[in-house]
Amino acid sequence: MLDTHARKFVQPSIERTASYFLQKGRSANEITVLALFVGLGTSVLYVLGFPILAVVFLWLSGFLDAVDGTMARNTKTSPFGTVMDITFDRIVEIGMILAIAYIHPEVLWPLLLLSVSIIVSMTIFLVVGAVSEKAGIKSFYYQAGLAERTEGFVLFSVMLLFPPFLFWSTLLFFTVELFTGIQRFMEAKRILK
């Protein structure tokens, strides 16, 4: 929801950063890899006991993730770049879930439920993108929903920064993600008739 409706407010800084990297001869795929490593740094920093710095790395990786897409759209998009982008986003999320589970094994079940809801929601998202004839600004049909990447980052930030509420914030994330999957499924039924 925030990605769809609030992107216009941060797009100028994304555009400037994308232009800077392109002027320096960097490719969108290189920034995708950089976003992956910064995102994985989130998990490492959290396990090492630096949750605030972990959240900074998380948001920096998300910013770079937006920058790489803008770079790709301003040059030549590559199907493999899209595969890298979506795959690396999930690897960063998996890394955070594993890091939280390592530090807080008492919330394994809510984290498992969260993982399942992400799998279901992303499966619908990817299949609809693959079979839909609609095209968006991205290289595939992008289904908006209640939980997009920014909402995930907000909820992951809450999970990392407020351990006393981890059980409930994880269940909230699970609920929001599951609702998004249902939203996307219902939209798929409508647009793929």
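The values are calculated or read from the model by the stated rules, or taken from the named source; none is laboratory data. As the structure is a prediction and not an experimental result, all values here were calculated from the model. Neighbour counts run over all protein chains shown; Cβ positions are idealised from the backbone, glycine included. The protein model used for the area step is the full one, side chains on, heavy atoms only, and it has no ligands, DNA or RNA in it. Shrake-Rupley method; radii C 1.70, N 1.55, O 1.52, S 1.80 Å.
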The chain: calculated mean residue ellipticity at 222 nm from DSSP helix runs of at least 4, using -39500 (n - 2.57): -28000 deg cm²/dmol
Considering only Gly62, Gly39, Gly49, give the residue with the highest GNM mean-square fluctuation for the chain, with springs between Cα atoms whenever their separation is below 10 Å. Gly49
Give me the percent of the accessible area of segment 47-121 that comes from carbon and sulfur atoms, probe 1.4 Å, all protein chains in place. 79 percent
Give the aspartates and glutamates reachable from Lys189 as a straight Cα distance under 19 Å; neighbours fewer than 8 places away on the same chain don't count. Glu133, Glu177
Hey, if we sort Trp59, Trp168 by accessible area with the 1.4 Å probe, largest down, what's the order? Trp168, Trp59
Most positive-pole-ward Cα, Val56, Ile31, Phe21, against dipole of segment 1-128 from beta carbon charges: Phe21
Candidates Ala130, Ala101, Ala72: whichever shows maximal mean-square fluctuation once the chain is modelled as a Gaussian network with Cα springs under 10 Å: Ala130
Kyte-Doolittle cut-off 0.0, length cut-off 15 Å along the helix's own axis using Cα: show which whole DSSP H helices in the chain pass. 28-47, 51-74, 79-103, 108-131, 149-161, 166-191
Provide the solvent-accessible area of Glu148, counting protein heavy atoms only and rolling a 1.4 Å probe, rounded to the nearest 10 Å². 10 Å²
If ligands, DNA and RNA are left out, what is the accessible area of Thr17 with a 1.4 Å probe, given in Å² to the nearest 10? 40 Å²
